[in-house]
Amino acid sequence: MRVLVTGGAGFIGSAVCRYLVRDTGDTVLNLDKLTYSANLASLSEIEESDRYGFRRVDITDLAAVSLAFADFQPDSVIHLAAESHVDRSIDGPAVFVSTNIVGSHVMLQAALEHWRQLSGSRRESFRYLHVSTDEVFGSLGPTGLFDEQTPYDPRSPYAASKAASDHLAKAWGHTYGLPVLVSNCSNNYGPFHFPEKLIPLTILNALEGRALPVYGDGSNVRDWLYVDDHAHALRLILTSGRVGETYNVGGRNEQTNLSVVHAICDLLDELAPRAVGGARRSLVDFVIDRPGHDHRYAINPAKIESELGWRAKETFTTGLRRTVKWYLERRDWWEPLRSSYSGQRLGLVEPS
């Protein structure tokens with residue numbers, strides 16, 4: 001296939017691009033604005049491939065997006081480009097509205113015009129996959145799982161912007177017939193993750209002997225999904241999913257935030273013990289909780305497992321070990337990023 005990927009220089013997007021080019025034979029055009037968390041170094045292993053191309057494009061720019069469709073003539077789209085950090089959405093929601101809602105509208109309009117010009121088998125086989133998050137469903141109690149019928153209940157500006165974009169994608173399918181699929185995933189982790197999120201930030205702070213901030217009492221629960229498992233799921237949804245359907249993608253790996261931080265500390269103590277200072281668990285620093293912090297997310301991936309035969313290959317134990325080892329071995333990738341973002345607290349600013 002010829003696959004147009006948005007946000008392909010980001011964390012999940014780069015994993016998708018690497019997988020498609022390296023393992024499937026697909027041809028990829030990556031559209032990315034190259035915001036602070038994007039990194040073309042994450043694509044170095046495929047950048048010379050004749051089946052990979054890159055354009056620096058803001059997805060809110062309809063003319064630039066439409067030109068990319070016209071030039072590349074994709075068979076399918078994986079729309080991943082999004083502002084994704086909850087704390088940053090609390091400090092500055094406007095960019096989340098612009099990229100996640102307006103940008104998704106632009107992508108749908110450009111895809112619709114492209115699809116309408118196709119004919120025959122190309123029109124029949126065209127697919128548009130809109131990639132979203134479990135955060136659109138709100139917060140779970142101590143039991144239960146999110147499934148594809150869970151009502152939306154977004155609690156942060158980020159979640160609200162993604163919920164809006166999900167509804168737009170589904171509406172373009174129902175109203176205009178665009179062959180849309182939607183996926184909602186749990187928290188991703190793995191290599192090439194910009195160090196503002198919990199796992200990469202904790203790895204680097206612990207490696208450097210810095211304090212490890214944990215919101216509240218650390219009891220908030222997330223379901224963790226190794227990013228390469230997610231990349232495999234997305235292509236499977238694209239090629240085998242039923243048009244108009246939603247697929248939840250989760251790793252069946254629920255962990256409290258505190259248990260995640262402790263596991264990282266223990267792995268680093270094993271793989272890179274400190275000469276002084278003792279066990280890294282002593283670095284844990286409980287801080288004031290994030291405003292509106294959802295207590296628990298957990299995905300039920302039974303639909304994608306039963307319909308499409310997908311299974312997450314990595315457990316949290318195996319995936320976290322792979323992730324920690326990668327950060328230990330790839331200082332060349334993350335050290336330049338620490339100069340622009342060293343782990344300062346975000347998400348506490350009151351709206352003006």
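The values are calculated or read from the model by the stated rules, or taken from the named source; none is laboratory data. Everything quoted here is computed from the prediction, not taken from an experiment. Don't worry about glycine lacking a Cβ; one is built from the backbone with ideal geometry, like all the others, and counts go over all protein chains shown.
Given the conditions (1) assigned to a helix (DSSP H, G or I); (2) within 26 Å of R18 (Cβ to Cβ), which single one is not true for R116?
All conditions pass for R116, except number (2).
Filter region 290-326 down to residues that are assigned to a helix (DSSP H, G or I) and among the aliphatic types (A, V, I, L, M) and give me whichever is nearest to P195 (Cα to Cα).
From region 290-326, those assigned to a helix (DSSP H, G or I) are 302-308, 316-326; that's our starting set.
Then keep just the ones that are among the aliphatic types (A, V, I, L, M); that gives 302, 304, 308, 320, 324.
Values: A302: 31, I304: 30, L308: 33, L320: 15, V324: 13 Å.
This residue is V324.
Kindly list, by first and then second residue, each pair from a residue in region 65-90 that is within 20 Å of P157 (Cα to Cα) to a residue that is among the hydroxyl-bearing types (S, T, Y), limited to pairs with Cβ atoms under 6 Å and residues at least 6 apart or on different chains.
Listed pairs, sorted by first residue: H79/T6; L80/T6; A81/T6; E83/T99; V86/S156; V86/Y158; S89/S156; S89/Y158.
Quick check on this structure: which one of D91, D75, D58, D23 is surrounded by fewer than 23 Cβ atoms within 10 Å (Cβ to Cβ), of a type in the set (D, E) and closer than 21 Å to V136 by Cβ?
Values: D75 fails: closer than 21 Å to V136 by Cβ; D58 fails: closer than 21 Å to V136 by Cβ; D23 fails: closer than 21 Å to V136 by Cβ.
Testing whether each residue is surrounded by fewer than 23 Cβ atoms within 10 Å (Cβ to Cβ), of a type in the set (D, E) and closer than 21 Å to V136 by Cβ leaves just D91.
Say whether the condition of being farther than 30 Å from T24 by Cα, surrounded by fewer than 24 Cβ atoms within 10 Å (Cβ to Cβ), out of contact with any Phe, Trp or Tyr (no Cβ under 9 Å at 6 or more places or on another chain) and not charged (D, E, K, R) is met by at least one residue in region 233-244. Spell out the reasoning first.
Let us first name the residues in region 233-244 that are farther than 30 Å from T24 by Cα, namely none.
No; the residues of region 233-244 include none that is farther than 30 Å from T24 by Cα, surrounded by fewer than 24 Cβ atoms within 10 Å (Cβ to Cβ), out of contact with any Phe, Trp or Tyr (no Cβ under 9 Å at 6 or more places or on another chain) and not charged (D, E, K, R).
Listed here are the residues, each with its yes/no results for (1) buried (at least 17 other Cβ atoms within 10 Å of the Cβ); (2) assigned to a loop (DSSP other than H, G, I, E, B); (3) on the phi > 0 side of the Ramachandran plot.
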position: R252; (1), (2), (3): yes, yes, yes
position: H262; (1), (2), (3): yes, no, no
position: C265; (1), (2), (3): yes, no, no
position: G277; (1), (2), (3): no, yes, yes
position: S282; (1), (2), (3): no, no, no
position: L328; (1), (2), (3): no, no, no
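Here is a list: A68, A110, A94. Which entry is under 23 Å from the mean Cα position of the chain (by Cα) and closer than 30 Å to Y297 by Cβ?
Working: A68 fails: closer than 30 Å to Y297 by Cβ; A110 fails: closer than 30 Å to Y297 by Cβ.
None of the other options fit; the residue is A94.
For residues that are at pLDDT 95 or above and out of contact with any His (no Cβ under 8 Å at 6 or more places or on another chain), scanning just region 188-200, find the one that is surrounded by the fewest Cβ atoms within 10 Å (Cβ to Cβ). Spell out the reasoning first.
Taking region 188-200 as the starting set, the residues that turn out to be at pLDDT 95 or above are 188-193, 199-200.
From the residues that got through so far, the ones that are out of contact with any His (no Cβ under 8 Å at 6 or more places or on another chain) too are 189-193.
Details: Y189: 27, G190: 24, P191: 22, F192: 24, H193: 26.
Restricting to residues being at pLDDT 95 or above and out of contact with any His (no Cβ under 8 Å at 6 or more places or on another chain), the top hit is P191.
List every residue pair whose Cβ atoms lie under 7 Å apart, where the two residues are 6 or more positions apart in sequence or sit on different chains, the first residue falls within region 91-115 and is under 19 Å from A159 (Cβ atoms), and the second residue, located anywhere, is in a helix (DSSP H, G or I) and among the charged types (D, E, K, R).
Here the result reads N100/K162, each pair linking region 91-115 to a residue that is in a helix (DSSP H, G or I) and among the charged types (D, E, K, R).
Filter region 66-120 down to residues that are β-branched (V, I, T) and either in contact with a Cys (Cβ under 6 Å, 6 or more places away or on another chain) or at pLDDT below 95 (or both), then give me how many there are. It would help to see each step written out before you state the result.
From region 66-120, those β-branched (V, I, T) are 77-78, 86, 90, 95, 97, 99, 101-102, 106; that's our starting set.
Add one more test, that the residue is either in contact with a Cys (Cβ under 6 Å, 6 or more places away or on another chain) or at pLDDT below 95 (or both), and what stays is 86, 90.
Here the count works out to 2.
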